[in-house]
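Since every read-out is calculated from the coordinates, none of them should be taken as a lab result. Because the structure is a prediction, the values reported are computed rather than measured. Here Cβ is always computed from backbone atoms with ideal geometry, including for glycine, and neighbour counts include all displayed protein chains.
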Amino acid sequence: MSAETRFESTRWARLAVALVNTAPGERHGDFLTTPTQLRDLLVAFGEPEPVTVRDADLVDARAARSDLARVFAVAGDEQQIVERLNELLARTARPRLVGHGELPLHLHVDAPGSTWGGWLVASGAMGLSIMVAEHGVDVLAECAASRCVHAVLRYGPGPARRYCDASCANRSRVAAHRAARATSTAGNGGQKDGPRSAPSAPTAGPGVT
């Protein structure tokens with residue numbers, strides 16, 4: 001992985017969303033209960049091996065998850081989003097340029113000596129703040145599907161995302177289709193296919209000889 005990819009703010013924002021979405025809900029249980037799960041999440045979002053995660057890291061990562069979830073819980077409310085992100089930045093972020101090993105100068109945003117959880121909340125708050133500054137508060141949202149409160153980052157090519165994944169998008173489409181059919185049926189006095197017309201003489205068509 002290149003240094004440009006490793007340290008970009010968009011990656012921090014995407015990781016923050018993934019962290020928030022590990023929380024238990026109606027769709028799944030808790031995906032952040034062991035140090036191994038935290039380690040796998042970090043590696044999946046670009047942290048280079050070796051990644052060592054201890055019990056204290058897991059405790060702080062779960063606290064970071066709660067902190068970042070509070071930002072998405074007020075999606076659509078500009079003032080509250082700004083207040084919550086600013087509070088997290090003031091409490092956790094210590095931005096500074098660092099160079100070590102063979103890596104070029106890059107930005108560290110957590111306080112020196114932080115656990116992985118400390119880094120997650122600091123980098124998450126910074127990444128989300130930069131996204132808001134560049135794209136507006138509507139870039140942060142919750143999934144539009146019913147009974148799903150997953151965080152969504154409405155960023156990328158094409159129309160702004162409304163759903164956290166394809167599963168929620170499909171469930172919502174099916175629910176909307178069923179609701180439309182039910183409304184149509186009710187409007188037709190309970191006839192599913194609408195009023196029947198008198199049968200007409202068959203006409204020739206494809207496959208008819």
Long-range HN-HN contacts of Ala144 with modeled amide H, under 5 Å: Tyr163, Cys164
Asp138 paired with Gln79, simple spin-label distance in nm, labels 7 Å along Cα-to-beta-carbon: 2.1 nm
Residues with amide H under 5 Å from that of Thr33, placed H, sequence gap 5 or more: none
Under Karplus coefficients 6.51, -1.76 and 1.60, residue-wise ³J(HN,Hα) of segment 88-100 in Hz, glycine/proline x: 5, 4, 5, 7, 10, 7, 9, x, 7, 7, 9, x, 8
Packing-based exposure ordering (other Cβ within 10 Å, fewest first) of Thr92, Thr33: Thr33, Thr92
Global size of segment 5-84 as Cα Rg and Dmax, reported in angstrom: 13.5, 40
Debye intensity ratio I(q)/I(0), log10, segment 1-146, q values 0.20 Å⁻¹ (C-alpha model): -1.33
